[in-house]
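Some notes on the structure that comes next.
The values are calculated or read from the model by the stated rules, or taken from the named source; none is laboratory data. This one's a predicted model, so the numbers in the text were calculated from it and none came from an experiment. Neighbour counts are summed over all protein chains in view; Cβ atoms, including those assigned to glycine, are modelled from backbone coordinates with ideal geometry.
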């Protein structure tokens, strides 16, 4: 396979993602040698850490990755259920910005990139157990026309008349009300907020509507509201140019291919990867960093990695460090480096979500009766929603064959422990099957379950969560005082693969510029 990435010599001399070039005074051979002599340690082998490591390794830097768990990829994972190789965690990405597609073109050029054959959404848990498709003309669930039959099916006549009052109320600029839930509830009523908006924000992001910053979540809605004088009018204006938004893509065969490709490319560039290596301490002094690793679970005195792997030291030294761990681990490592005051604020605990993936023998689902996604009206069931993966992805439907289906049932939300917590595997699978039955409108008892998988995740807040941009900016400002340090990950970038990849690329680019050319802030 031809390596599309630039050679270390060419890459080190070329502008990065920001388009800037380094000082011309340093001769190219010296710059290349400088890159090769620069040691980078990346703490965390999730997708953010792997991308940051690749950005450094591809220009010739000496890179070591340490990952606390026994595998790479973080929220991108795989499992085998009933003879099917299935994704766990991340299954696709948004095309907005193009960062993920560009990364795949670079490290996995032969990949088959696919779009969903069905990406339609339904709302379940309506009165009398009804369900209905999500209206096409909407933004964040806010309808462009409350009189549309597809909207009325969800909010009823009383909800429609209340939503219509939005057209009669005085104009309001979003700057005066940035909470999505309060804005929608105040202008269009509780039924629009609770039956259209809340099912989407809670299922997709684990955030209640009141805690969503509408300015971040729907750029342009504020100015459209000012021009049109109503929230529904603003949505209608945005929908006129809906094509400017991103769509969804995935990999034929599953997302773990991206993780494997990044690991292979890192190995080709001489990077060293240690799994099962938890970083317990981080310190920098006189331009040299030390990363302390937890003692390996091996007989005393034996620090060897599994056969064929690199020997894992108890401490690593580096010229620069990328912290790509989750929020709790990152704060523990960075607190002593940046000072306790920098991390004194209480951080959001995040949302614990359990996803139960079911392989079902259910020919009734061949017709995908409720599309690819079903979101639950809050309080009407124990699950937040469901993804019908074989309806969504053609490659997975082919692998499963007629009559066999894969669904992912999500539990847990803000301030709520997942209903599956503490259950036995059998009971969790039975509950998931029951919830899937209610959400899909098809009887699915436990006998239909050919296999299942349980995955527990702590959801990073989306960039649109109230105060998230300010919290991330504060951490970045504190970390920015240290020129040979970068911090990446979903807890700062916001949830979603597209945001995480783009942010890791940008932060790694800034770090290598500061290290190679001495530009940027000083300690």
Exercise. Which residues, counting only those in the stretch 296-313, are at pLDDT 65 or above, over 31 Å from the mean Cα position of the chain (by Cα) and more than 17 Å from residue 42 (Cβ to Cβ)?
Worked result: 311
For this session: Go through the residues of the stretch 447-470 one by one and say whether even a single one is more than 26 Å from the chain's Cα centre (by Cα) and without any contact (Cβ under 8 Å) to a residue 24 or more places away in the chain.
Result: yes
For this session: Give 519, 508, 502 a once-over and let me know the one that is at pLDDT 90 or above, surrounded by fewer than 22 Cβ atoms within 10 Å (Cβ to Cβ), in contact with a helix residue (DSSP H, G or I) (Cβ under 6 Å, 6 or more places away or on another chain) and at negative phi.
Result: 502
Exercise. Which one is farthest from residue 198 (Cα to Cα) among residues in the stretch 396-436 that are without any contact (Cβ under 8 Å) to a residue 12 or more places away in the chain and part of a loop (DSSP other than H, G, I, E, B)?
Worked result: 401
Seminar exercise, completed: Within the stretch 398-420, the residues that are surrounded by fewer than 17 Cβ atoms within 10 Å (Cβ to Cβ) and modelled with pLDDT of 95 or more are 398, 401, 402, 403
Exercise. What are the residues in the stretch 115-137 that are touching a residue at least 24 places away in the same chain (Cβ under 8 Å), crowded, with 16+ Cβ neighbours inside 10 Å and not in a loop (DSSP other than H, G, I, E, B), if any?
Worked result: 121, 122, 123, 124, 125, 126, 131
Exercise. Within the stretch 360-386, can you find the residues that are in a strand (DSSP E or B) and surrounded by 22 or more Cβ atoms within 10 Å (Cβ to Cβ)?
Worked result: 360, 373, 374, 375, 376, 385, 386
For this session: May I ask you to say which residue of 162, 152, 169, 96 is part of a loop (DSSP other than H, G, I, E, B), out of contact with any strand residue (DSSP E or B) (no Cβ under 9 Å at 6 or more places or on another chain), surrounded by 15 or more Cβ atoms within 10 Å (Cβ to Cβ) and not assigned by TED's automatic domain parsing to the domain that holds residue 395?
Result: 96
Seminar exercise, completed: Filtering the stretch 476-496 down to residues that are assigned to a helix (DSSP H, G or I) and touching a helix residue (DSSP H, G or I) at 6+ places or on another chain (Cβ under 6 Å) yields 478, 490, 491, 492, 493
Exercise. Given the structure, is residue 19 surrounded by fewer than 17 Cβ atoms within 10 Å (Cβ to Cβ), farther than 24 Å from residue 311 by Cβ and modelled with pLDDT under 95?
Worked result: yes
For this session: Test residue 499 against the stated conditions and say whether it is in contact (Cβ under 8 Å) with a residue 24 or more places away in the chain, closer than 14 Å to residue 75 by Cβ and assigned to a helix (DSSP H, G or I).
Result: yes
Problem set entry | Count of the stretch 189-227 residues which are free of Cβ contacts under 8 Å to residues at least 24 places away in the same chain and farther than 24 Å from residue 122 by Cβ | 5
For this session: Run residue 475 past the list (1) over 22 Å from the mean Cα position of the chain (by Cα); (2) more than 26 Å from residue 258 (Cβ to Cβ) and report the number of the one that doesn't hold.
Result: (1)
For this session: Among the candidates 197, 184, single out the residue that is within 23 Å of the chain's Cα centre (by Cα) and crowded, with 20+ Cβ neighbours inside 10 Å.
Result: 197
Problem set entry | Tally of residues being crowded, with 20+ Cβ neighbours inside 10 Å and modelled with pLDDT of 95 or more across the stretch 22-57 | 18
Exercise. If you check residue 439 against the conditions, is it under 25 Å from residue 411 (Cβ atoms), in contact (Cβ under 8 Å) with a residue 40 or more places away in the chain, not in a loop (DSSP other than H, G, I, E, B) and not assigned by TED's automatic domain parsing to the domain that holds residue 51?
Worked result: yes
For this session: Could you tell me which residue of the stretch 175-187 is modelled with the lowest pLDDT, considering only residues that are part of a helix (DSSP H, G or I) and farther than 22 Å from residue 159 by Cβ?
Result: 175
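Results for (1) farther than 24 Å from residue 373 by Cα; (2) in contact with a strand residue (DSSP E or B) (Cβ under 7 Å, 6 or more places away or on another chain), shown as yes or no for each residue.
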| residue | (1), (2) |
| --- | --- |
| 204 | no, no |
| 234 | yes, no |
| 237 | yes, no |
| 263 | yes, yes |
| 267 | yes, no |
| 270 | yes, no |
Exercise. If you go through the stretch 266-279 one residue at a time, how many are in a strand (DSSP E or B) and either at pLDDT below 95 or within 15 Å of residue 38 (Cβ to Cβ) (or both)?
Worked result: 1
